[in-house]
């Protein structure tokens, strides 16, 4: 992998590069990456409309399966705009704390919508009308993982007020599907506010392997079709502590 577009960030946190192989797949890919860590977004240059990663494909299926006619979505964490770009005909409001990420999504990843607000996602969500949203999506990461103030009981209570009665929250997290103290705590904390919860993870060679975990909370039973979950399988997460601000 060779950088093609040197980062202009003041602290060199952002890299955009092209590669002919991504996780063993041959092709032409453009990648957004933070500080040499996990990839935050990717564009298949040969098939620009393709959703490359499994986790957004799984989230897209859960959204379409549980509320086929949804319209209003609040998304925290922009990346390269994969999900909001896929649902270009829907009404998305996107919160992104880093303005440079948004600039790169436009200049190098083809994101054209004018629906991104710069700022802290929780603060911006708090200003929204109660009961407005079909879905709230959380896909926000720092070098230390998902920001703690986006996984607390107070935050999840806020999301309930912004969703209508059939609405749901969907989160992309990184962790272990077994014996992960933080993932169990997030799951337990979410269950205080949402009566129905399902968690999904990609298979891994060992239980200690870090992988994407998608958790959905809803006021109604959650449906999905396994063949459309992009390889994600339902997992059972143990009981954990409740996260408070």
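Miscellaneous remarks
- Normalised contact order of the chain, rounded percent, pairs of Cα under 8 Å and 6 or more residues apart: 16 percent
- Taking the Cα atoms of segment 118-245, the ratio Rg/Rh between the radius of gyration and the Kirkwood radius comes to 0.95.
- Between 0 and 90°, nearest 10: helix 99-109 axis offset from the chain longest Cα axis: 60 degrees
- Residues of segment 94-122 with amide N under 16 Å of the 7 Å Cα→Cβ point at residue 245: 120-122
- Stretched out straight at 0.36 nm per residue, the stretch from residue 205 to residue 99 would grow longer than its current Cα-Cα span by 34.5 nm.
- Rounded to the nearest 10 degrees, the angle from helix 181-191 to the longest Cα principal axis of the chain is 50 degrees.
- Extension gain for residue 23 to residue 90 (0.36 nm times residue separation, less C-alpha to C-alpha distance): 21.0 nm.
- Taking a point 7 Å out from the Cα of residue 225 in the direction of its Cβ, the residues of segment 38-59 whose backbone N falls within less than 19 Å of it are 51, 54-59.
- Two-site label geometry, residue 65 and residue 149: point separation in nm, points 7 Å out along Cα→Cβ: 3.4 nm
- Within a Gaussian network of the chain (alpha carbon springs, distance under 10 Å), most fluctuating of 33, 15, 113: 113
- Percent of beta bridges antiparallel (DSSP, the chain, rounded to nearest 5): 65 percent
- The calculated 222 nm mean residue ellipticity attributable to helices in the chain amounts to -6500 deg cm²/dmol, summing -39500 (n - 2.57) over DSSP H runs of n ≥ 4 and dividing by all residues.
- Between 0 and 90°, nearest 10: helix 153-162 axis offset from the chain longest Cα axis: 90 degrees
Readers should treat all values here as calculations from the given coordinates under stated rules, not as data from a laboratory. In this text, all values refer to a predicted model and were calculated from it rather than measured experimentally. For neighbour counting, all protein chains shown are included, and Cβ atoms are generated from backbone atoms with ideal geometry for every residue, glycine included.
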